[in-house]
Amino acid sequence: MSKTQHPTLTRQRPWDARLARRLVIPFKDSRITPNHLTSVRLLIGLAAAAAFIPGTYVWSNVAALLLVLSNFADHTDGELARVSGKSSRIGHIYDLASDAVVTILLFIGIGVGVGAKSGAALQYSPIVAGATAGGAIALIFFLRMRIEARAGKVATQQASFGGFETEDVLYLLPIVTLCNAVAPFLVVASICAPLFSIWVLFDDLRTGRRQRSTATPADTRVTQ
């Protein structure tokens with residue numbers, strides 16, 4: 001779920017990315033690098049995951065607000081890379097790794113927090129549910145990296161509409177916590193994330209077959 005440090009593709013830019021660009025433009029000639037902003041985002045995301053662990057109403061709302069801030073900060077590194085020309089492969093990988101770590105630990109933290117609430121009785125362990133959702137998301141990140149390596153950034157573009165992308169649904173998490181619906185959210189995530197990972201797996205297999213089919217004629221000519 002990353003605004004990576006690669007050139008922007010021709011499409012309607014998300015609203016949060018536009019705002020992020022306005023905020024980072026003053027720093028394009030400074031010593032601040034995209035990796036610095038990735039680190040800031042990582043720390044905020046880890047704080048959000050930790051804030052979910054107590055499982056209380058207040059801390060869950062604090063965690064949701066931190067996650068919103070982390071999700072927005074995820075745009076700043078890529079925007080600074082674009083306006084300053086400081087893009088790098090290492091920065092791109094660091095950005096993706098930070099996304100994966102934050103998302104996985106976020107759901108584990110939610111699972112621990114739900115398990116800490118005596119009134120949140122689920123059919124299975126909340127920690128298992130969180131680990132399931134987090135593990136599925138880790139698989140999705142890995143597969144998307146492979147697809148991007150094979151077919152380019154365009155192959156991993158998220159669906160967007162009206163300046164909003166699929167991942168922007170995380171901006172609605174404060175509504176979930178305000179409604180005290182963290183446990184149902186965790187259940188839905190533990191079901192939907194594995195299902196989506198299966199869809200991405202099929203996409204990965206499809207791009208792999210396409211790559212092999214396009215490479216075969218060239219390989220044949222070389223062997224002849």
By average Cβ neighbour count within 10 Å, what is the ranking of 134-146, 94-106 from highest down? 94-106, 134-146
Between segment 81-143 and segment 172-186, how far is it from one alpha carbon centroid to the other, in angstrom? 17 Å
Less than 11 Å from a label point 7 Å out along the Cα-to-Cβ axis of Val83: which backbone N atoms in segment 17-51 qualify, by residue? 18-30
Give me the extension gain from Ala97 to Trp15: residue separation times 0.36 nm, minus the current Cα-Cα distance, reported in nm with one decimal. 27.1 nm
At a Förster radius of 25 Å, what calculated FRET efficiency corresponds to the Cβ-Cβ distance of Tyr57 and Leu172, to the nearest 0.05? 0.90
Would you please classify the overall shape of segment 52-100 from the alpha carbon gyration tensor, given that a ≥ b ≥ c denote the square roots of the eigenvalues, rounded means a/c under 1.5, and beyond that prolate means a/b larger than b/c while oblate covers the rest? oblate
Scan segment 8-88 for trypsin sites (Lys or Arg not before Pro) in coil per DSSP, keeping those whose Cβ has at most 11 other Cβ atoms within 10 Å, and list them by number. Arg11, Arg31
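Read-outs throughout are calculated quantities, based only on the coordinates presented, and are distinct from any laboratory measurement. Bear in mind the structure is a predicted one, so any value in this text is a computation, not a measurement. Cβ sites come from the backbone with ideal geometry, for glycine too, and all protein chains shown count toward neighbours.
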